[in-house]
């Protein structure tokens, strides 16, 4: 009797990851296409990241199954590793968009190299236009959070040549300074992207048509909003990258009849782009969408 062929392993690395719906989305796609593959969740602490990237590190997924990192064919990257993986992988395969973001969320192992992409950027822009119905042309935006997701949003909006102004804020001054230093390397962004302080937020929010939250505030039930409700206004559209629950920010926006949406679309479309990069196959978008909605309802 032939021994069953082990499935190809894909996954998500981050800390924490148990809240993620990426496994449901990708495993639905693998099943629909008849692929012998599994998507697993791996909690990798910051102190373990270098060892994981060297590929000889034994890891355990959230269900207790072990494997060697090298056996993970490809993986997504989430909080808090997106910037760190970019820094570690620059000598390997980082494309132009990931270089602009200064962060990666999608990695494929190939011939001992780490080929890195940022599909968050693509996912956000598609969702912004299709889900929120927002056209950034001639508009100004304020981004809350300067981590990996925040950088992807900044880069996505900056690539839309007609955007008027992008403001970025992070309560973590170190993260804000690192992002500001990174984007200062790109001459085309000078005068377009501005990093602001807490005292600037009220005036900036009033001057903007788009607010994007990329911080994790809202992921937990006890979380409040990353922005005071009194700062929201009727000319604003709100995009919250948090997707696993109705956040206080979205509830505040809805109570004021302000157009808003969660990050479910961003999760979907970045996943679609990642799937196609990893497998070379066309992603079954509707199957992936339905898998997400089934778990979110």
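The values are calculated or read from the model by the stated rules, or taken from the named source; none is laboratory data. Every value quoted in this text rests on a predicted model; they were computed, and no experiment measured them. Here Cβ is always computed from backbone atoms with ideal geometry, including for glycine, and neighbour counts include all displayed protein chains.
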Task: Criterion (surrounded by 20 or more Cβ atoms within 10 Å (Cβ to Cβ) and part of a helix (DSSP H, G or I)) met by exactly one of 227, 211, 249, 254 - done: 249
TODO: Report whether or not residue 204 is assigned to a strand (DSSP E or B), closer than 22 Å to residue 134 by Cα and in contact with a strand residue (DSSP E or B) (Cβ under 6 Å, 6 or more places away or on another chain).
DONE: no
TODO: Kindly indicate whether any position in region 53-60 is in the same structural domain as residue 14 (by TED's automatic domain parsing), farther than 24 Å from residue 147 by Cβ and in a strand (DSSP E or B).
DONE: yes
TODO: Please state which one of 287, 238, 217 is outside any loop (DSSP other than H, G, I, E, B), touching a residue at least 24 places away in the same chain (Cβ under 8 Å) and outside the structural domain of residue 82 (by TED's automatic domain parsing).
DONE: 238
TODO: Please enumerate the residues belonging to region 51-63 that are in contact with a strand residue (DSSP E or B) (Cβ under 8 Å, 6 or more places away or on another chain) and under 17 Å from residue 74 (Cβ atoms).
DONE: 52, 53, 55, 57, 59, 61
Open item on the list: Would you confirm whether or not region 180-194 contains a residue that is in contact with a helix residue (DSSP H, G or I) (Cβ under 9 Å, 6 or more places away or on another chain), part of a strand (DSSP E or B) and modelled with pLDDT of 95 or more?
Closed with: yes
Task: Flag if residue 23 is under 21 Å from the mean Cα position of the chain (by Cα) and without any contact (Cβ under 8 Å) to a residue 24 or more places away in the chain - done: yes
Open item on the list: So, in region 32-50, how many residues would count as being assigned to a helix (DSSP H, G or I) and in contact with a strand residue (DSSP E or B) (Cβ under 9 Å, 6 or more places away or on another chain)?
Closed with: 2
- [ ] Those residues that are surrounded by 15 or more Cβ atoms within 10 Å (Cβ to Cβ) and in a loop (DSSP other than H, G, I, E, B), I need them from region 260-283; list them, please.
- [x] 262, 263, 283
TODO: Would you check which residues across region 214-251 are within 19 Å of residue 176 (Cβ to Cβ) and in contact with a helix residue (DSSP H, G or I) (Cβ under 6 Å, 6 or more places away or on another chain) and list them?
DONE: 214, 231, 241
Task: Pairs, first assigned by TED's automatic domain parsing to the domain that holds residue 216 in region 161-180, second part of a loop (DSSP other than H, G, I, E, B) and loosely packed, with under 14 Cβ neighbours inside 10 Å, C-beta under 8 Å, six or more apart - done: 162/138; 163/138; 164/138; 169/197
- [ ] Would you check if residue 49 is touching a helix residue (DSSP H, G or I) at 6+ places or on another chain (Cβ under 7 Å) and in the same structural domain as residue 283 (by TED's automatic domain parsing)?
- [x] yes
